[in-house]
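J.: Here it is, the structure in full.
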Amino acid sequence: MQSRQVMALEARHFQPCFTRKPLAVARGKGSRVYDLEGKAYLDFIGSLGTCVVGHGNPVVLQAVKAQLGKIVSTSNLYYSEPQALLAKRLARVSGLGKSFFSNSGSESVEAALKLARKASGKKGIIATEHAFHGRTLGALSATSKEKYKAYCRPLVPGFKEIPFNDARALEKAIGADTAAFLVEPIQGEAGVLVPSEGYLQEVREICAKRDVLLILDEVQSGVARTGKFFAYQHEKILPDIVCTAKGLGNGFPIGATIAAAGIEFGKGDHGSTFGGNPLACAAALAVLDCIQEQGLEARAAEKGAWLAKALNAVMGPDSALQGVRGRGLMLGLGVQGGKADAVVDACRAQGLLVNGVGDDTIRLLPPLTVSLKECRQAVAVLEEALAV
Ligand SMILES: Cc1ncc(COP(=O)(O)O)c(C=O)c1O
């Protein structure tokens, strides 16, 4: 099939809820994807942050193939070895306790919200301005953007919104019925907003003092992207519950909600037919092996610092670039208002995939395996696309 045929079919048969770019991706290898006509693109949005160890990673491929030959789905009526092993590995990398597995970031947040209400016996959830936690009704109730929520009302009751990066606002907002504070350590969809140093430590202390659970949504920032397995590890804190998904299966759908010791569902409190299926868990175990064996946390930190420095050097009177934000390989480039989409399109025309958040930010979420040569190529294309 040709790309234009795919686009025409989609227009007739698929719900028009995505604003897609005119590109039909056929395959990927390493940091590159290829369209149906065979044109190569450097994937600096990493399939929206899901591709952490490279497209077609041989270790993941081998693990998935081996598991495919055994069994795909066992349901949660029975035990499965990959699920038990993954829960053990996640406890180790998170410093927390027991996991619940699902199939997406939104579901990992749903599980966290339910777990918080279950464990605390309270109902209130505090979330932050500009937050994005997903599209299911619970996660959406904690999401800030009015456009996503307006037509869905009534949403789940009990949610309150406070400014991001404002620990005093949290102190004030907590009431007798507050179960949890839900926050992203770095707000991704908001445009890669990094809170002030110490913010997470402060909210950790406030939550502990006021008997409120701290839920960190690391769906985007987790799985080594910021230079530590979880972004909270930069601030040497532990949340009560952490949500992860995106990169965990290197694109294979899996979400995990990991809770501190003692925060547990009872029998029948939650469930999922596909959640934690052996195939997804085998993919995630292979991802964790790659991260550990290839030192990808350090590589994300190093490549991210290189990119930030190189992009900062692009700034000047001839460029629409106004600043570089983020940590590791989760980067947001502030651009002159209204220019983001044009820059995204200009990059794509030159074989570089990046993504616009709002009209003034370009987001980079490349695979953590990206090479220095690929980073150089991306900066050269960005520099040209940002020229005014
Ligand atoms: C921080 C955060 N939470 C939750 C989600 C929702 O994840 P999913 O689209 O896999 O449901 C996203 C997706 O972008 C996210 O960035």
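J.: Could you tell me whether L90 is surrounded by fewer than 16 Cβ atoms within 10 Å (Cβ to Cβ) and either under 25 Å from the mean Cα position of the chain (by Cα) or in the same structural domain as H270 (by TED's automatic domain parsing) (or both)?
T.: Considered against the rule, which asks whether it is surrounded by fewer than 16 Cβ atoms within 10 Å (Cβ to Cβ) and either under 25 Å from the mean Cα position of the chain (by Cα) or in the same structural domain as H270 (by TED's automatic domain parsing) (or both), L90 comes out as no.
J.: In addition: Starting from residues that are within 16 Å of the ligand (Cβ to nearest atom) and in contact (Cβ under 8 Å) with a residue 60 or more places away in the chain, keep the ones in the stretch 132-186 and report whichever is nearest to G121 (Cα to Cα).
T.: A180
J.: Run E189 past the list (1) buried (at least 24 other Cβ atoms within 10 Å of the Cβ); (2) within 11 Å of the ligand (Cβ to nearest atom) and report the number of the one that doesn't hold.
T.: (1)
J.: While we're here: Return the residues of the stretch 253-262 that are open to solvent by 20 Å² or more (accessible area, probe 1.4 Å) and either aliphatic (A, V, I, L, M) or more than 12 Å from the ligand (Cβ to nearest atom) (or both); say none if nothing qualifies.
T.: A260, A261, G262
J.: Mind counting the residues in the stretch 114-173 that are of a type in the set (S, T, Y), touching a helix residue (DSSP H, G or I) at 6+ places or on another chain (Cβ under 8 Å) and open to solvent by 50 Å² or more (accessible area, probe 1.4 Å)?
T.: Residues in the stretch 114-173 being of a type in the set (S, T, Y), touching a helix residue (DSSP H, G or I) at 6+ places or on another chain (Cβ under 8 Å) and open to solvent by 50 Å² or more (accessible area, probe 1.4 Å): 2 in total.
J.: Only one of (1) more than 16 Å from the ligand (Cβ to nearest atom); (2) under 23 Å from R204 (Cα atoms); (3) of a type in the set (G, A, S) is not met by A231, so which one is it?
T.: The single condition A231 does not satisfy is (1).
J.: Identify the residue in the stretch 93-110 that is in contact with a Gly (Cβ under 8 Å, 6 or more places away or on another chain) and open to solvent by less than 10 Å² (accessible area, probe 1.4 Å) and, among all such residues, is farthest from the ligand (Cβ to nearest atom).
T.: Per the stated criteria, the residue is S102.
J.: May I pose another question? Criterion first (open to solvent by 30 Å² or more (accessible area, probe 1.4 Å) and in contact with a Gly (Cβ under 8 Å, 6 or more places away or on another chain)) does M330 satisfy it?
T.: no
J.: Take the stretch 26-45 and flag every residue that is of a type in the set (A, V, I, L, M, F, W, C) and either in contact with an Asp or Glu (Cβ under 7 Å, 6 or more places away or on another chain) or surrounded by 15 or more Cβ atoms within 10 Å (Cβ to Cβ) (or both).
T.: Answer for the stretch 26-45, where residues must be of a type in the set (A, V, I, L, M, F, W, C) and either in contact with an Asp or Glu (Cβ under 7 Å, 6 or more places away or on another chain) or surrounded by 15 or more Cβ atoms within 10 Å (Cβ to Cβ) (or both): A26, V33, L36, L42, F44, I45.
J.: Now a separate question. Collect the residues in the stretch 195-233 that are in a loop (DSSP other than H, G, I, E, B), more than 26 Å from G295 (Cα to Cα) and basic (K, R), keeping them in residue-number order.
T.: R210
J.: Could you say whether any residue in the stretch 224-233 is surrounded by fewer than 20 Cβ atoms within 10 Å (Cβ to Cβ) and in the same structural domain as Q83 (by TED's automatic domain parsing)?
T.: Yes: one or more hits.
J.: Please go through the stretch 297-355 and give me each residue that is of a type in the set (D, E), within 21 Å of F230 (Cβ to Cβ) and assigned to a loop (DSSP other than H, G, I, E, B), ordered by number.
T.: Result: no residue meets the conditions.
J.: In this structure, is N57 at pLDDT 95 or above, surrounded by 13 or more Cβ atoms within 10 Å (Cβ to Cβ) and either within 16 Å of the ligand (Cβ to nearest atom) or over 21 Å from the mean Cα position of the chain (by Cα) (or both)?
T.: No, not satisfied.
Residue by residue, here is whether (1) of a type outside the set (S, T, N, Q); (2) within 16 Å of the ligand (Cβ to nearest atom) holds:
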residue: A11; (1), (2): yes, no
residue: C17; (1), (2): yes, yes
residue: D35; (1), (2): yes, no
residue: A40; (1), (2): yes, no
residue: Q67; (1), (2): no, no
residue: S73; (1), (2): no, no
residue: E81; (1), (2): yes, no
residue: A91; (1), (2): yes, no
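J.: Continuing with the same structure: Please verify whether N76 is closer than 24 Å to V287 by Cβ, open to solvent by 40 Å² or more (accessible area, probe 1.4 Å) and polar (S, T, N, Q), treating the condition exactly as stated.
T.: For N76, the condition - closer than 24 Å to V287 by Cβ, open to solvent by 40 Å² or more (accessible area, probe 1.4 Å) and polar (S, T, N, Q) - is met.
J.: Listed residues L48, L85, L23, L68; which is surrounded by fewer than 20 Cβ atoms within 10 Å (Cβ to Cβ), touching a residue at least 12 places away in the same chain (Cβ under 8 Å) and within 14 Å of A284 (Cβ to Cβ)?
T.: Testing whether each residue is surrounded by fewer than 20 Cβ atoms within 10 Å (Cβ to Cβ), touching a residue at least 12 places away in the same chain (Cβ under 8 Å) and within 14 Å of A284 (Cβ to Cβ) leaves just L85.
J.: Residue by residue through the stretch 234-251, note down the ones that are within 13 Å of the ligand (Cβ to nearest atom), in a loop (DSSP other than H, G, I, E, B) and open to solvent by 10 Å² or more (accessible area, probe 1.4 Å).
T.: Once the filter is applied, which keeps residues that are within 13 Å of the ligand (Cβ to nearest atom), in a loop (DSSP other than H, G, I, E, B) and open to solvent by 10 Å² or more (accessible area, probe 1.4 Å), the stretch 234-251 yields only G251.
J.: Follow-up question, since we're still on this one. Among residues belonging to the stretch 194-219 that are more than 14 Å from I237 (Cβ to Cβ) and crowded, with 20+ Cβ neighbours inside 10 Å, point out the one that is farthest from the ligand (Cβ to nearest atom).
T.: That would be V212.
The values are calculated or read from the model by the stated rules, or taken from the named source; none is laboratory data. Here the structure is a predicted model, which is why all the values come from computation and not from measurement. Neighbour counts run over all protein chains shown; Cβ positions are idealised from the backbone, glycine included. Heavy atoms of the whole protein, side chains included, go into the accessibility calculation; ligands, DNA and RNA do not. Shrake-Rupley method; radii C 1.70, N 1.55, O 1.52, S 1.80 Å.
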